Amino acid sequence: CCSRRNSGTDRTLKGSPFFHKVHRPVCRGPDRSAASPFFQQELDTRHDKYERLVKISRDITIESKRSIFLLHRVTNVPDAEGVLNEAESKLDGVRQKIGQIAEELRGEDIYQFHRAFTPGIQEYVEAITFLHYIRHRSLISLEEINAKLVFMKTDNGSGEAPPSSAHVLTFQVTPADYLLGVADLTGELMRLCIGSVGNGDIDTPFQLSQFLRQIHDGFSYIGNTGPYEVSKKLHTLRQSLGKVEDACYTLRVRGSEIPKHMLADVFCTRTTHMDTEEGVV
């Protein structure tokens with residue numbers, strides 16, 4: 001009986017113009033209009049910071065590549081130390097730009113902006129490890145790289161402020177960026193090998209071959225347990241090692257048959273042939 005009465009009442013109210021107002025009250029949630037400008041400003045600030053980091057990273061990449069190109073001249077200039085000093089001064093300028101990254105990341109989570117500047121840092125690692133190898137014939141460690149990335153900054157951005165207003169900023173290269181930079185180093189060492197042979201230096205290829213084997217063994221121990229990008233670059237590392245070993249084989253077996261001034265041309269031809277077979281070119 002009650003159900004019939006209620007159903008009749010519902011049918012009566014449905015024909016009334018006030019039905020929606022009586023049975024469907026408007027449910028209002030919390031007012032978020034006041035918080036929207038704050039979130040919008042926060043997102044805009046982070047986006048602007050990300051874009052600034054991308055621009056700095058591009059500058060670091062350009063200057064690091066110029067340093068690498070300069071270092072390749074050590075095989076055909078009489079004053080190699082002058083070239084190394086010039087490359088060191090260029091890398092000092094690169095470190096100042098890394099200091100700008102450290103300033104931008106002060107108080108921030110580095111991994112929120114890591115993708116913005118990691119290409120530049122990897123290129124810097126490649127350049128500094130290349131310079132260190134040419135000078136010392138060894139691989140610079142991650143701790144030695146980070147030890148050079150300590151910066152003294154002042155609040156007003158000038159060096160005339162009193163020491164009390166200065167603060168120290170540090171930038172830490174991540175292990176992944178270090179490994180990726182070292183993996184790229186192998187390509188430069190392969191080019192150094194070919195250039196050395198072209199200038200009649202027969203000992204450098206064998207030193208580079210042994211050094212590259214050590215790097216390859218280290219990356220093989222990492223295997224698939226490291227970052228995804230490291231496993232991708234392992235193939236390029238093996239290519240560089242194979243080309244250097246092929247050059248050493250040619251020097252050992254056919255070195256006496258080929259004039260020294262023609263060795264570089266022979267190696268370049270064999271390298272192009274190897275790349276064609278592997279589908280690189």
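Below, the figures for the structure above:
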read-out	value
Qualifying position, being open to solvent by less than 100 Å² (accessible area, probe 1.4 Å), closer than 20 Å to residue 174 by Cα and modelled with pLDDT of 90 or more, among 68, 101	101
Unique match (being open to solvent by less than 30 Å² (accessible area, probe 1.4 Å), modelled with pLDDT of 95 or more and part of a helix (DSSP H, G or I)) among 140, 121	121
Residue within segment 218-228 that is closer than 20 Å to residue 128 by Cβ, in contact (Cβ under 8 Å) with a residue 60 or more places away in the chain and assigned to a helix (DSSP H, G or I) present	no
Count of segment 101-118 residues which are assigned to a helix (DSSP H, G or I) and either among the charged types (D, E, K, R) or under 10 Å from residue 57 (Cα atoms) (or both)	7
Criterion: more than 30 Å from residue 152 (Cα to Cα), open to solvent by less than 30 Å² (accessible area, probe 1.4 Å) and not in a helix (DSSP H, G or I) - qualifying residue of 200, 187	200
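The values are calculated or read from the model by the stated rules, or taken from the named source; none is laboratory data. Note that this is a predicted model, so its numbers are computed, not measured. Note that each Cβ is placed from the backbone with ideal geometry, even for glycine, and that neighbours are counted across all protein chains shown. Please note that ligands, DNA and RNA were not included when accessible areas were found on the heavy atoms of the full protein model with its side chains. Shrake-Rupley method; radii C 1.70, N 1.55, O 1.52, S 1.80 Å.
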